[in-house]
Amino acid sequence: MWFKRKNLVTVLILCLLLYFSMRLTEFDLSKFRDFRNMIDFLAQWFPMDTSKLPGMISDSLETVGMAFLGSFIGLFFGLPISFIAAWNTSPTKPVYHLSRFALSFMRSIPEIVFGLILLTALGLGPFPAVLAIAFHNIGVLGKLISELVEASDPGPQEAMKAVGSKNWFAHLFSIVPQIWPNVLSHYFYRLEVAIRTSLVLGFIGGGGIGQRLFNDFKTFQYSSVSLDVLIIMVIVIIVDLLGSYVRNRVI
Amino acid sequence: MLELNGVSVRYPGGEQEALSDITLTLEQGEFVCILGKSGSGKSTMIRCINGLQVPTRGEVRWDGRPLSKMSEEQLRKVRRQMGMIFQHFNLIPRLSVMQNVLTGTFGYRSNLKNLIGWFNDQEKQQAKQVIEDVDLSSMADRRVERLSGGQKQRVGIARALVQQPQVMLGDEPVSSLDPGTSNHIFSLLEQMHRRRHLLTIINVHDVGLAKRYATRIVALKAGKIIFDGKPEQFTDREYLETYESQEENGKTKNR
């Protein structure tokens, strides 16, 4: 029963897409015959050099700080904007369209581009990185939360209106408790992404463990690189665990 | 006193009027049950009364003042005099019974106070009192999603009562409850109705409940009033007329 013409066409299109993508990306597993190079390279990563650990720790704290501050500012501004960018709570149609457009504009600029622009004004360091992450996350969280708002149950809002409370207040009070656990899980996911972003921003001079990783790499100190990578993995895992812990407590 | 004067509602894109030319005068102390099939306009009518639905034609008057002429602020003041309960309860999830009941006072309080969630002793006392009235004192701190359907509707009633309303509106408040619970909810509504001398207007599908509790029955069909009178006047004939389907109508005509 699966062998319908429609399904066959779908599979055919999919195969074509895969083929062209592989051509375009020079996807070729036979290139792995130089596998030994990679092994040799990775062998230089060990044993780890722990002499610079204190500096690495303070850099990682800087990274976590960047990611937290950036994503929190994103949530702080994204949450109210999401209400005017959701069709069921937006004050007027023009405001709705305008805010939607503003959000997608903010999302469309990659953090690294925004970071590079800000660097020219603010100089090197974590501050422009925080702003870049915040700006992008207003766009992302605003959009994601506006979708939660649109999917929320209209019943409680109607009840709040019937009670005689102001419109915007009815929206706020009846929707936020409904969507709060999902807002948090989006937020923690964005925090995790922000940590990875702040690494990339470190590459362009945004500071933190990312910048250290980049410098260690460029100066061939692979025994330090390995420890940097390990620390980054640990941070991401901790944030993930923390996120699910908080979310479980809230539900 | 509540007056509906030639009230009609046509929803955007709707072929027929959901409500057409409804004229009714309802007095304080009446317990009115509105009967009718699904889609007969019962809900629309209830929602016109507190301005959640704006009539396309005609007007609703509360204490002689037409809702259509009111500012948003005045309309809010009317709404807080009218408690409303719903088929799906419409409680705010993840909040406790007490918190949900306290939201009933929102129409009376400043936005700032509401935002920070500060309630004075009098408001808390009122909330406690109505929770006791609906017999939920032991569950005041429980989250509403952990309650049964009947208990949820009692929270809905308490939220409406804490408004100190003059009117109690019910949009099919027992349609998702079992018969025993429905009866319990109705007797609670009647008790509060008497104690507070309300005007109670309830949509209901269960004719038995309507005849037992109502002092007046209004039956709607295709947006028009086809019966308005005392419960004992609502006989099998009226019942059949209210609930017979359009198809059967067609057949009768063809014969």
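The values are calculated or read from the model by the stated rules, or taken from the named source; none is laboratory data. Keep in mind that what you see is a predicted model, and the values were worked out from it rather than measured. FYI the Cβ positions are ideal-geometry reconstructions off the backbone, even for glycines, and counts take in every protein chain you see.
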- [ ] Run down B:Gln99, B:Gln125, B:Gln151 and say which single residue is surrounded by fewer than 16 Cβ atoms within 10 Å (Cβ to Cβ) and free of Cβ contacts under 8 Å to residues at least 60 places away in the same chain.
- [x] B:Gln125
Task: Residues (assigned to a helix (DSSP H, G or I) and either in contact (Cβ under 8 Å) with a residue 40 or more places away in the chain or among the β-branched types (Val, Ile, Thr) (or both)) located in segment B:190-210 - done: B:Glu190, B:Met192, B:His193, B:Val207, B:Leu209, B:Ala210
Task: Those residues of segment A:136-169 which are small (Gly, Ala, Ser), more than 8 Å from chain B (Cβ to nearest Cβ) and in contact with a Phe, Trp or Tyr (Cβ under 8 Å, 6 or more places away or on another chain), in sequence order - done: A:Gly139, A:Gly142, A:Ser146
Task: Scan of segment B:49-68 for residues that are in a loop (DSSP other than H, G, I, E, B) and within 14 Å of another protein chain (Cβ to nearest Cβ), ordered by number - done: B:Asn50, B:Gly51, B:Leu52, B:Gln53, B:Val54
- [ ] Could you pull out every one of the helices (runs of 4 or more DSSP H) wholly within segment B:69-116 that has 1 or more residues that are within 7 Å of chain A (Cβ to nearest Cβ)?
- [x] B:72-79, B:111-116
TODO: Answer yes or no as to whether A:Ser185 is touching a Lys or Arg at 6+ places or on another chain (Cβ under 6 Å), touching a residue at least 24 places away in the same chain (Cβ under 8 Å) and either assigned to a helix (DSSP H, G or I) or surrounded by fewer than 21 Cβ atoms within 10 Å (Cβ to Cβ) (or both).
DONE: yes
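In a loop (DSSP other than H, G, I, E, B) and more than 16 Å from the chain's Cα centre (by Cα), is that true of B:Gly13?
Answer is yes for this residue.
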- [ ] Determine whether B:Leu147 is at pLDDT 90 or above and at the interface with another protein chain (Cβ under 9 Å from one of its Cβ atoms).
- [x] no
Task: Unmet criterion (only one of (1) among the hydrophobic types (A, V, I, L, M, F, W, C); (2) more than 18 Å from the chain's Cα centre (by Cα); (3) farther than 27 Å from B:Met192 by Cβ) for B:Val54 - done: (2)
Task: Single unsatisfied condition, B:Glu145 versus (1) in contact with a Pro (Cβ under 6 Å, 6 or more places away or on another chain); (2) acidic (Asp, Glu); (3) crowded, with 19+ Cβ neighbours inside 10 Å - done: (3)
- [ ] Considering only segment A:230-246, state which residues are crowded, with 17+ Cβ neighbours inside 10 Å and over 20 Å from A:Ala134 (Cα atoms).
- [x] A:Ile231, A:Ile232
Task: Of residues in segment A:205-223 being without any contact (Cβ under 8 Å) to a residue 40 or more places away in the chain and buried (at least 17 other Cβ atoms within 10 Å of the Cβ), the one farthest from A:Ile195 (Cα to Cα) - done: A:Asp216
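Yes or no, residue by residue, for (1) part of a helix (DSSP H, G or I); (2) in contact with a His (Cβ under 7 Å, 6 or more places away or on another chain); (3) of a type in the set (S, T, N, Q); (4) touching a residue at least 24 places away in the same chain (Cβ under 8 Å):
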site: A:Gly139; (1), (2), (3), (4): yes, no, no, yes
site: A:Lys143; (1), (2), (3), (4): yes, no, no, yes
site: A:Ser152; (1), (2), (3), (4): no, no, yes, yes
site: A:Pro156; (1), (2), (3), (4): yes, no, no, no
site: A:Ala162; (1), (2), (3), (4): yes, no, no, no
site: A:Ala170; (1), (2), (3), (4): yes, no, no, no
site: A:Ser174; (1), (2), (3), (4): yes, no, yes, no
site: A:Arg190; (1), (2), (3), (4): yes, no, no, yes
- [ ] Taking B:Glu17 as the residue in question, decide whether it is more than 14 Å from chain A (Cβ to nearest Cβ) and within 23 Å of B:Val204 (Cα to Cα).
- [x] yes
Open item on the list: Given the options B:Leu188, B:Leu169, B:Leu240, name the one that is modelled with pLDDT under 90 and hydrophobic (A, V, I, L, M, F, W, C).
Closed with: B:Leu240
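With respect to A:Ser165, is the statement that it is crowded, with 20+ Cβ neighbours inside 10 Å and either among the aromatic types (Phe, Trp, Tyr) or modelled with pLDDT under 90 (or both) true?
Against the criterion (crowded, with 20+ Cβ neighbours inside 10 Å and either among the aromatic types (Phe, Trp, Tyr) or modelled with pLDDT under 90 (or both)), A:Ser165 qualifies.
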Open item on the list: Can you confirm whether B:Val130 is more than 11 Å from chain A (Cβ to nearest Cβ), aliphatic (A, V, I, L, M) and out of contact with any Ser or Thr (no Cβ under 9 Å at 6 or more places or on another chain)?
Closed with: yes
Open item on the list: When you scan segment A:88-103, do you find a residue that is within 14 Å of another protein chain (Cβ to nearest Cβ), within 28 Å of B:Leu112 (Cα to Cα) and over 24 Å from the mean Cα position of the chain (by Cα), even just one?
Closed with: yes
TODO: Among residues belonging to segment B:26-63 that are β-branched (Val, Ile, Thr) and over 12 Å from B:Val7 (Cα atoms), point out the one that is surrounded by the most Cβ atoms within 10 Å (Cβ to Cβ).
DONE: B:Ile34
- [ ] Go over the candidates A:Lys93, A:Lys31 one by one and state the one that is among the basic types (Lys, Arg), without any contact (Cβ under 8 Å) to a residue 12 or more places away in the chain, loosely packed, with under 10 Cβ neighbours inside 10 Å and closer than 28 Å to A:Leu144 by Cα.
- [x] A:Lys93
Task: Search result, residues across segment A:37-90 that are surrounded by 18 or more Cβ atoms within 10 Å (Cβ to Cβ) and charged (D, E, K, R) - done: A:Asp59, A:Glu62
